[in-house]
1. Need pairs with beta-carbon distance below 9 Å; first residue open to solvent by 40 Å² or more (accessible area, probe 1.4 Å) and within segment 312-338, second at pLDDT 85 or above and assigned to a loop (DSSP other than H, G, I, E, B); sequence gap 6+ or separate chains.
2. When you scan segment 136-144, do you find a residue that is assigned to a helix (DSSP H, G or I), open to solvent by less than 40 Å² (accessible area, probe 1.4 Å) and either over 24 Å from D259 (Cα atoms) or modelled with pLDDT of 85 or more (or both), even just one?
3. Looking for whichever is at pLDDT 95 or above and not aromatic (F, W, Y) here; the options are L273, L217. Which one fits?
4. Which one of T134, T122, T146, T188 is of a type in the set (S, T, Y), more than 30 Å from T54 (Cβ to Cβ) and in contact (Cβ under 8 Å) with a residue 60 or more places away in the chain?
5. Which count do you get for residues in segment 99-115 that are open to solvent by less than 80 Å² (accessible area, probe 1.4 Å), in a helix (DSSP H, G or I) and not aromatic (F, W, Y)?
6. Determine, yes or no, whether F356 is farther than 30 Å from K224 by Cα, at pLDDT below 90, surrounded by 14 or more Cβ atoms within 10 Å (Cβ to Cβ) and not polar (S, T, N, Q).
7. Here are some residues: G175, G161, G169, G153. Which one is surrounded by 13 or more Cβ atoms within 10 Å (Cβ to Cβ) and on the phi > 0 side of the Ramachandran plot?
Amino acid sequence: MSLTKEIMYQAIVEKDTSFEGVFFTAVVTTGIFCRPSCTARKPKIENVEFFKTTAECVNKGYRPCKVCKPLNSLNEAPIEIQGILEELRLNPSLKLRDEDLKERSIEPSQLRRWFLKHYGVTFQKYQRILRVNTAYKKIQEGESITNTAYDMGYDSLSGFGDSFKNIIGVSPKNGKDKCIINLERIETPIGTIVVCATHEGICFLEFADIKDLDRELTRIAKEKKAVVLEGENSDISQLKEELALYFKGELIEFTVPLDLIGTPFQIQVWNGLRAIPYGETKSYKQQSELLNTPKSIRAVANANGMNTVAIVIPCHRIIGTNGSLTGYRGGVWRKKFLLELENKEYNKTDQLSFGFE
């Protein structure tokens with residue numbers, strides 16, 4: 001179905017987030033351009049133009065909306081919040097209170113809402129989790145429980161023990177031998193991605209707004225008999241670099257190590273997906289034939305749907321026999337974005353129809 005002006009106008013009236021990244025709205029009477037989901041007052045249809053990229057909007061003389069900030073990456077943290085996150089990353093023992101935030105010209109209630117929306121916890125709880133996560137790593141690296149507790153700003157061992165058990169599920173002493181899965185959030189042109197990695201490689205890579213994200217994280221922790229902690233990891237750092245190049249059209253094959261969680265058949269299917277060349281697509285039928293399982297089309301499709309390492313394992317390269325995009329866990333608009341990115345670069349054509357500006 002082609003995107004008509006009427007369909008796009010209805011999308012902005014309904015503030016439909018499923019069209020994020022597909023088009024931008026430019027208002028002739030104000031000279032402003034917006035995201036489809038912008039909450040600002042809607043113009044009449046005769047006063048609207050639609051463009052595929054923010055670059056087109058700017059080239060036509062339109063200015064970015066101050067409400068929806070279309071030049072920012074989807075779900076990207078505001079500059080002031082990025083500063084807070086970096087401050088805590090460098091010193092996880094910090095305890096920033098409301099008065100500290102106000103000194104930084106940050107409204108505590110605004111920060112609380114942002115963390116609830118993007119992290120599912122309040123800012124204060126995020127700080128507690130970060131302190132315990134950092135302490136957990138120190139203990140696993142051989143530091144004593146006592147020194148770790150006081151280094152992380154706890155006033156007593158009992159207070160540290162209670163916080164540790166509340167977040168990790170076991171006491172500091174019993175947590176020494178538990179495996180760790182590190183978790184980070186990465187901003188991309190098509191939204192925030194949650195990535196997890198063990199010491200063996202990336203085991204999870206999904207969009208932050210997928211349904212049942214918490215349930216998926218719980219599942220991988222159970223499968224690995226591990227605890228999921230916010231924190232850095234060398235494989236995640238490599239993935240960040242590779243994703244940045246990929247979205248610029250400068251990388252066609254990921255080399256970051258993977259630690260896949262699935263049945264032997266699922267892993268076989270996922271490895272088959274990685275064998276589909278950049279810039280190409282296959283139908284479910286063709287995929288089944290390549291795996292020498294021509295009668296297992298449904299089973300192969302189900303395995304595709306269970307893939308939890310998006311982009312790197314390119315299930316977006318599977319389309320319907322009739323050429324339709326079919327479903328995609330992260331949303332069909334993201335699948336369209338990824339296929340256009342790969343096809344444009346593969347065919348050496350002009351600038352992407354949407355992407356990095």
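1. G323/T281; T326/G320; R329/N307; R329/T308; R329/A310; K336/Y328
2. Yes, because at least one residue in segment 136-144 is assigned to a helix (DSSP H, G or I), open to solvent by less than 40 Å² (accessible area, probe 1.4 Å) and either over 24 Å from D259 (Cα atoms) or modelled with pLDDT of 85 or more (or both).
3. Step by step, each of L273, L217 is checked, and only L273 is at pLDDT 95 or above and not aromatic (F, W, Y).
4. Within the list T134, T122, T146, T188, the selection yields T134.
5. Residues meeting the conditions: 5.
6. Spelling it out, F356 is indeed farther than 30 Å from K224 by Cα, at pLDDT below 90, surrounded by 14 or more Cβ atoms within 10 Å (Cβ to Cβ) and not polar (S, T, N, Q).
7. On inspection, the qualifying residue turns out to be G153.
Here is a yes/no grid of residues against (1) without any contact (Cβ under 8 Å) to a residue 40 or more places away in the chain; (2) closer than 26 Å to G330 by Cα; (3) of a type in the set (S, T, Y):
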position: I12; (1), (2), (3): yes, yes, no
position: K15; (1), (2), (3): yes, yes, no
position: K42; (1), (2), (3): yes, no, no
position: P70; (1), (2), (3): no, yes, no
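The values are calculated or read from the model by the stated rules, or taken from the named source; none is laboratory data. Quantities reported herein were computed from a predicted structural model and do not represent experimental measurements. In this analysis, Cβ positions are derived from the backbone assuming ideal geometry, glycine residues included, and neighbour counts consider all displayed protein chains. Accessible surface is based on the protein model in full, side chains and every heavy atom, while ligands, DNA and RNA are left aside. Shrake-Rupley method; radii C 1.70, N 1.55, O 1.52, S 1.80 Å.
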